[in-house]
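Following: one structure in structure tokens, then a few remarks.
The values are calculated or read from the model by the stated rules, or taken from the named source; none is laboratory data. In this text the structure is predicted, and so the values were computed from the model without any measurement. Glycine gets a Cβ as well: all are built from the backbone with ideal geometry, and neighbour counts include every protein chain shown. Each accessible area value is taken on the protein alone, full model and side chains, heavy atoms only, with ligands, DNA and RNA left out. Shrake-Rupley method; radii C 1.70, N 1.55, O 1.52, S 1.80 Å.
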Amino acid sequence: MAGQADRAGAALPIRRIAPGTPAARRGIRPESCHGHGARLRRPARTGLHPRARVRERNFGEWEGKELAELERECPEDYRAWAEYRGGELRHGAETKAAVGERGRAALEEWSFSAGADTDLYVFSHGSWIAQTVQTVLGLGAIHPDFADVVSMANAHWVRFVAADMPDGTLRWRLVDYNHGPALADTDQWEHPAL
């Protein structure tokens, strides 16, 4: 959709989470994220790695169009999209379930292949984050429209911690959602003084 941030998404290995370690129990810490745009302070030896599985949802033929244009050109499909009934799917949009599944798979692969001394910071579009969270928590199985969790505000984050289950499996637990810097609670966040 028009005006959306970088579509690529990126993963930044600072110190990844290894399940069952003290780092996993502490969870991902966003203390080094600050300011509008979530600039990250990181050691020079680490790099930003764009990853296709972290890109935002693809809206097919609707990609890059203004909402008013969509409402005018295809009113029934636009209304169906706005009401979480899938009108965008008739125009080649990626399903929310597919977005959440690729996000879940990426997070699991990265977290399980990391060393115990590594946390993983993933930067992406708000809808990718919301759909990934719902998939990780199993909410898509309860409400397949993925309308239970709001999308993320700019430069906000989610934090999970790992819980080792008695049967030896791992379950991700949500600690923070749509959490942002203190400045986000002021008028300066959306309308900074120039």
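Structure above, values below:
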item: Options A97, A93, A114; residue that is in contact with a helix residue (DSSP H, G or I) (Cβ under 8 Å, 6 or more places away or on another chain) and in a loop (DSSP other than H, G, I, E, B); result: A93
item: Residue in the stretch 97-106 that is of a type in the set (A, V, I, L, M), open to solvent by 50 Å² or more (accessible area, probe 1.4 Å) and modelled with pLDDT under 90 present; result: no
item: E56 vs. criteria modelled with pLDDT of 95 or more and not hydrophobic (A, V, I, L, M, F, W, C); result: no
item: Residue list for the stretch 136-167, filter: open to solvent by less than 30 Å² (accessible area, probe 1.4 Å), out of contact with any strand residue (DSSP E or B) (no Cβ under 7 Å at 6 or more places or on another chain) and not in a loop (DSSP other than H, G, I, E, B); result: G140
item: Close pairs (6 angstrom Cβ cut-off, 6 or more residues apart or separate chains): at pLDDT 95 or above and part of a helix (DSSP H, G or I) in the stretch 59-84, open to solvent by 50 Å² or more (accessible area, probe 1.4 Å) and among the acidic types (D, E) anywhere; result: Y78/E71
item: Lone qualifier among L89, L120, L139 - being within 18 Å of the chain's Cα centre (by Cα) and within 26 Å of L67 (Cβ to Cβ); result: L139
item: Failed item in (1) touching a helix residue (DSSP H, G or I) at 6+ places or on another chain (Cβ under 6 Å); (2) at pLDDT 85 or above, with D176 passing the rest; result: (1)
item: Flag if S127 is part of a helix (DSSP H, G or I), under 30 Å from P181 (Cβ atoms), touching a strand residue (DSSP E or B) at 6+ places or on another chain (Cβ under 7 Å) and open to solvent by less than 40 Å² (accessible area, probe 1.4 Å); result: no
item: Residues (surrounded by 14 or more Cβ atoms within 10 Å (Cβ to Cβ) and outside any loop (DSSP other than H, G, I, E, B)) located in the stretch 184-194; result: A184
